[in-house]
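Colleague: Would you mind keeping the following structure in view while I ask a few things?
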Amino acid sequence: MKKIYQKSHNDCYPCCLAMLLKMRKEDIPIFNSKNYAKEKLQWLESNNLVAITIPTTLKTKKFPMLYFPKSFFCLGFLRLKHKRFGHAVILKFDKIEIDSWKFKIWHDPLGSESPYDISNLEFIEFIISKDFLK
């Protein structure tokens with residue numbers, strides 16, 4: 001997977017999505033308006049995709065059927081306490097511990113200067129083809 005880095009303060013999500021979907025970053029819009037969720041949903045729909053979001057406050061016992069292989073990648077959303085907006089990264093599944101999944105940050109579009117770490121994780125998001133759900 002070719003790593004893509006941010007060029008502006010609000011393009012972390014397109015960077016990560018482009019990497020996971022093997023697309024050009026320029027083909028993914030920056031969703032940063034008041035209608036963020038609606039715009040994102042419309043774009044995903046138009047590309048035959050769906051996002052499944054799981055807050056990190058949920059424990060694995062609520063999802064015992066979810067197992068991630070070691071090479072599994074997904075989106076992670078991090079937030080610093082003093083920041084209003086979150087930050088997207090690519091996570092790689094590490095292991096299951098009692099009542100929790102463990103992921104590592106595999107790629108941060110901010111690069112090595114990022115102030116974020118895995119303790120800032122708020123939720124994970126899986127992007128899958130709608131055809132998979134049929």
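Colleague: Is it the case that residue 1 is under 17 Å from residue 77 (Cα atoms) and touching a residue at least 24 places away in the same chain (Cβ under 8 Å)?
Modeller: No; evaluated as a whole, the condition is false for this residue.
Colleague: Would you mind finding the one in 109, 69 that is modelled with pLDDT under 75, under 24 Å from residue 1 (Cα atoms) and touching a strand residue (DSSP E or B) at 6+ places or on another chain (Cβ under 8 Å)?
Modeller: 69
Colleague: Could you list all residues from region 105-121 that are of a type in the set (D, E, K, R) and within 23 Å of residue 25 (Cβ to Cβ)?
Modeller: Correct list: 108, 113.
Colleague: Residue check: is residue 48 free of Cβ contacts under 8 Å to residues at least 40 places away in the same chain and more than 20 Å from residue 113 (Cα to Cα)?
Modeller: The answer is no for residue 48.
Colleague: Within the set of pairs 6+ apart or on separate chains, which have a first residue in region 11-39 that is in a helix (DSSP H, G or I), a second that is hydroxyl-bearing (Ser, Thr, Tyr), and C-beta atoms under 9 Å apart?
Modeller: Once the first residue is in a helix (DSSP H, G or I) and sits in region 11-39, its partners that are hydroxyl-bearing (Ser, Thr, Tyr) give 15/5; 39/33.
The values are calculated or read from the model by the stated rules, or taken from the named source; none is laboratory data. Just so we're clear, the structure is a prediction, and the values are computed from it rather than from any experiment. Glycine also receives a Cβ, built like all others from the backbone with ideal geometry; neighbour counts cover every protein chain displayed.
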